[in-house]
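The values are calculated or read from the model by the stated rules, or taken from the named source; none is laboratory data. These figures come from a predicted structure and were not determined experimentally. Methodologically, a virtual Cβ is constructed for each residue, glycine included, from the backbone with ideal geometry; neighbour enumeration extends over all protein chains shown.
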């Protein structure tokens, strides 16, 4: 199941993720230099930084970038609240 804009927006609205978006970026496999570029580009705009790293991950992983794989990464990061929300919404939508 592919990731839509609604998934990305839901994740970027989560306060816990916003406070720790760099942790999510690392768990998604983004290299340090990409994270540094995002930090420099967006500064304190953590919503845009989060959106950007999710887009980078999605674009670099293609069909491997699924909601299920993203939920697993969110759980690995201890972002259980948003992971549970996505699981519930996925069940309702799909």
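Here are some notes:
- For region 64-75, the set of residues classified as in contact (Cβ under 8 Å) with a residue 24 or more places away in the chain and assigned to a helix (DSSP H, G or I) consists of 67, 68, 70, 73, 74, listed by residue number.
- Here region 1-29 is the region considered, the condition is being in contact (Cβ under 8 Å) with a residue 40 or more places away in the chain, in a helix (DSSP H, G or I) and within 15 Å of residue 60 (Cβ to Cβ), and the residue that is farthest from the chain's Cα centre (by Cα) is 27.
- Lone unmet requirement of (1) modelled with pLDDT of 95 or more; (2) more than 21 Å from residue 86 (Cα to Cα) for residue 24: (2)
- Residues in region 30-62 that are outside any helix (DSSP H, G or I) and touching a helix residue (DSSP H, G or I) at 6+ places or on another chain (Cβ under 7 Å): 30 only.
- Filtering region 49-78 to residues that are under 13 Å from residue 27 (Cβ atoms) and loosely packed, with under 12 Cβ neighbours inside 10 Å leaves only 78.
- Among the residues making up region 20-29, those that are touching a helix residue (DSSP H, G or I) at 6+ places or on another chain (Cβ under 8 Å) and surrounded by fewer than 20 Cβ atoms within 10 Å (Cβ to Cβ) are 22, 26, 27, 29.
- Restricting attention to region 71-93, the residues that are within 13 Å of the chain's Cα centre (by Cα) and modelled with pLDDT under 95 add up to 1.
- Residue match in region 79-90 (condition: under 13 Å from residue 24 (Cβ atoms), touching a helix residue (DSSP H, G or I) at 6+ places or on another chain (Cβ under 9 Å), in contact (Cβ under 8 Å) with a residue 12 or more places away in the chain and assigned to a loop (DSSP other than H, G, I, E, B)): yes
- Single match in 38, 17, 46 (criterion: at pLDDT 95 or above, farther than 28 Å from residue 91 by Cβ and buried (at least 20 other Cβ atoms within 10 Å of the Cβ)): 38
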